[in-house]
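Working notes, structure below.
The values are calculated or read from the model by the stated rules, or taken from the named source; none is laboratory data. Keep in mind it's a predicted model, so treat the numbers as computed, not measured. Here Cβ is always computed from backbone atoms with ideal geometry, including for glycine, and neighbour counts include all displayed protein chains.
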There are 2 protein chains.
Amino acid sequence: MTRNPTLADVARHAGVSPATASRVVSGRGPASTQARRRVAAAVADLGYVPDAAARALATHGGTRIAVAVIGDTPTALTDPYVGRVVAATAEVAAAREVGVALHWLPRHDPAALARLAHGRGIGGVVLVNPTKPALEPLPRSARVAAIGVGSRHVPAFDVDNRGGALGVLRHLVGSGRRHIAMVTGPSWLPCTERAVDAYRRVARENGGEVRLVPGDFTTARGTTAALEIMARWPDTDAVFALGDLVALGVLDGLRGLGVDVPGDVAVAGFDDIAFAPLSHPALTTTTNPVEQIAAHAAAAVLDRRPTSPLTLFRSTLVVRESA
Amino acid sequence: MTRNPTLADVARHAGVSPATASRVVSGRGPASTQARRRVAAAVADLGYVPDAAARALATHGGTRIAVAVIGDTPTALTDPYVGRVVAATAEVAAAREVGVALHWLPRHDPAALARLAHGRGIGGVVLVNPTKPALEPLPRSARVAAIGVGSRHVPAFDVDNRGGALGVLRHLVGSGRRHIAMVTGPSWLPCTERAVDAYRRVARENGGEVRLVPGDFTTARGTTAALEIMARWPDTDAVFALGDLVALGVLDGLRGLGVDVPGDVAVAGFDDIAFAPLSHPALTTTTNPVEQIAAHAAAAVLDRRPTSPLTLFRSTLVVRESA
DNA sequence: TTGTAGGCGTTATCAA
DNA sequence: TTGATAACGCCTACAA
């Protein structure tokens, strides 16, 4: 096991100066086709891999990418959703010799994001649960991509909430449901608004009343929300919950009430988590390609190439027993 | 926002040489109490934070810690358990200005671990699903900690499988179950053997037949395992599954068979995942402090301090409805 | 116990 | 388009 080849080795092997080799390898700066070819060959011959630490030191580019989660408490980091994002990010980062860091950003300290993004060693940030106050003050120079909504300087990647919600709601209407209630996400999370918009639209189209109840993506809230809904609008015949965990809680709450699902009330979720097919009745929901979304966001930050301000990923309806 | 202070700034501020400052900050090498105090004060004054990239470059210490998962296919990385490990590791790594990388290690290529561990930029490895063939050939110099079983040069951190299993089994026996079957982990995973040992011991103590069926931690396998068990040993009155996902699958399989849980057959899992309380009946299981375990393993690797060869974390029984 | 003087591997500057 | 040369921030013999 001999020493890893350095850029100097490559340059020598290719018969060029280290500077030229650097330009070719890093892809910045001019270089003749000649030089390009010879360096590429040398790289292949020697199995050269750039040293991330040295590169970070020279460029101030940072040695890791942060996954930052905005929330009210540090427990925001324990959400299984976050685990999926971190794992997916770590995988694309590994291919680029970059590590991943995980940080909680208190919702009430919007400046924390800028501090993190400019922190030493941080090459970029993948933001989970983006909020307007956190996004607003970011300068153009900040290398951050958001999962959810973005801003002028922050590209966003997200599931097609609107389309997914429309799919669910059309399915509910199509199977005869007329009094549909919805458990939304927390009001401070703008990326859930698209789904609520879809709900309002469908309600308008079908002359149904708007029955909105705020949620927070937790099962516990789903259970209480179910009670609230049935108390306030007893003739409700369907509940659409933003997040499968919430939907499972709704299922639980309705069961406690002696309400039959889907006989009396249909229930649908959003995310298609692993447990969705295992509930009773099995949960009707729509897919959420979290890993794919996170991978694209991470790639956008790491490659620093221009991306469209909003990239949407398809959400497809999965019909099971609950609706 | 001015330039971050460097070690040179600290040295100047403290009135010592950069070398002395380095010794104090990094904790290696001699230094008078005098010097120690003054440097510490300077660090606090200036808010100095070492540059991870520069340090890695100088020490070859690496800039990130890898979470490596041994498995048959790359899908091993999508297990929710891995997400928990990665998230926990990333959190402790972040405190040390280190990033996390995620890698799949093919089970049939034991040498892959050594390659990864010695790869440039990798400061250490937290190994998930350790196997003997992968652990064996590692030299003392490899900085790796395992979650599960270890080896001569690899400290291990794990949940107390034996104790946890004993807790479950004693509970089953205590509630009158006499014909207990067990769904194990994959046979190539040595860390599940401790739980199987506990099972054999309890079976012996109670004169029960040994009813073992191999599992793989997936829900799908749990379902088929339930069918296998009931076909082979129809008088089985309890199933203990290694892994809650498997247990949930067992629940599903038994339901399909028209078997009442817990009336006819009790079911217990292992892990206490988020869904455990949501199944019907709610799953009896034992806790698995994965985050805590991963954090300790990561700290052991990062701090390079001697640790005991095996650190066990308590698993406590959570009795719900299924057993 | 302290300080001086490289060196780690890469990129950036600037003159050729 | 190329090649010396000087950073980047820290660590570590070695000499004092």
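Quick notes on this structure:
- Scanning segment A:198-225 for residues that are more than 22 Å from A:Asn161 (Cβ to Cβ) and part of a helix (DSSP H, G or I) gives A:Ala220, A:Thr223, A:Thr224.
- Across segment B:54-64, the number of residues qualifying as within 17 Å of B:Asp9 (Cβ to Cβ) and either hydrophobic (A, V, I, L, M, F, W, C) or within 7 Å of chain A (Cβ to nearest Cβ) (or both) comes to 1.
- So B:Arg28, is it surrounded by fewer than 20 Cβ atoms within 10 Å (Cβ to Cβ), assigned to a helix (DSSP H, G or I), away from every other protein chain (no Cβ under 14 Å) and not aliphatic (A, V, I, L, M): no
- Qualifying residue in segment B:204-226 (condition: in contact (Cβ under 8 Å) with a residue 40 or more places away in the chain, within 26 Å of the chain's Cα centre (by Cα) and over 26 Å from A:Gly83 (Cα atoms)): yes
- Inter-residue pairs, beta-carbon under 8 Å, first more than 14 Å from chain A (Cβ to nearest Cβ) and in segment B:249-260, second of a type outside the set (Val, Ile, Thr) and surrounded by 14 or more Cβ atoms within 10 Å (Cβ to Cβ), 6+ apart: B:Leu257/B:Ala226; B:Leu257/B:Leu227; B:Leu257/B:Met230; B:Val259/B:Met230
- Across segment A:31-56, the number of residues qualifying as in contact with a strand residue (DSSP E or B) (Cβ under 9 Å, 6 or more places away or on another chain) and either within 11 Å of DNA strand D (Cβ to nearest atom) or not in a helix (DSSP H, G or I) (or both) comes to 1.
- Residue check, A:Arg304 in contact (Cβ under 8 Å) with a residue 40 or more places away in the chain, more than 16 Å from the chain's Cα centre (by Cα) and within 25 Å of A:Arg96 (Cβ to Cβ): yes
- Looking across segment B:276-315, the residues that are assigned to a loop (DSSP other than H, G, I, E, B) and buried (at least 24 other Cβ atoms within 10 Å of the Cβ) come down to B:Ser279, B:Leu283, B:Asn288, B:Ser315.
- Index of the failed condition, A:Ser141 passing every other in (1) away from DNA strand C (no atom under 16 Å from the Cβ); (2) over 15 Å from the mean Cα position of the chain (by Cα); (3) more than 26 Å from B:His118 (Cα to Cα): (1)
- Within segment B:56-83, tally of residues that are crowded, with 21+ Cβ neighbours inside 10 Å and either within 16 Å of DNA strand C (Cβ to nearest atom) or farther than 18 Å from B:Asp216 by Cα (or both): 8
- Within segment B:30-43, residues that are closer than 12 Å to B:Thr20 by Cβ reach partners that are within 14 Å of DNA strand D (Cβ to nearest atom) and outside any helix (DSSP H, G or I) with beta carbons closer than 6 Å, at six or more positions or on different chains, in the pairs B:Ala35/B:Val16.
- Strands (runs of 3 or more DSSP E) fully within segment B:83-188 that include at least 1 residues being in contact with a Lys or Arg (Cβ under 9 Å, 6 or more places away or on another chain) and away from every other protein chain (no Cβ under 14 Å): B:156-159, B:180-183.
- Criterion applied to A:Ala145, A:Ala226, A:Ala134 was being outside the structural domain of A:His108 (by TED's automatic domain parsing) and either under 19 Å from A:Ala266 (Cα atoms) or buried (at least 19 other Cβ atoms within 10 Å of the Cβ) (or both), and the one residue passing it is A:Ala226.
- Of the residues making up segment B:71-82, those that are at the interface with chain A (Cβ under 7 Å from one of its Cβ atoms) and of a type in the set (A, V, I, L, M, F, W, C) number 2.
- Scan of segment A:1-25 for residues that are within 22 Å of B:Ala58 (Cα to Cα), outside any helix (DSSP H, G or I) and either modelled with pLDDT under 90 or within 13 Å of DNA strand D (Cβ to nearest atom) (or both), ordered by number: A:Met1, A:Thr2, A:Arg3, A:Asn4, A:Thr6
- Residues in segment B:5-24 that are buried (at least 20 other Cβ atoms within 10 Å of the Cβ) and not hydroxyl-bearing (Ser, Thr, Tyr) were compared, and the one that is farthest from DNA strand C (Cβ to nearest atom) is B:Val10.
- Restricting attention to segment A:32-53, the residues being touching a helix residue (DSSP H, G or I) at 6+ places or on another chain (Cβ under 8 Å), among the small types (Gly, Ala, Ser) and surrounded by fewer than 18 Cβ atoms within 10 Å (Cβ to Cβ) number 2.
Results for (1) touching a residue at least 12 places away in the same chain (Cβ under 8 Å); (2) hydrophobic (A, V, I, L, M, F, W, C), shown as yes or no for each residue.
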| residue | (1), (2) |
| --- | --- |
| B:Thr75 | no, no |
| B:Val85 | yes, yes |
| B:Ala90 | no, yes |
| B:Gly99 | yes, no |
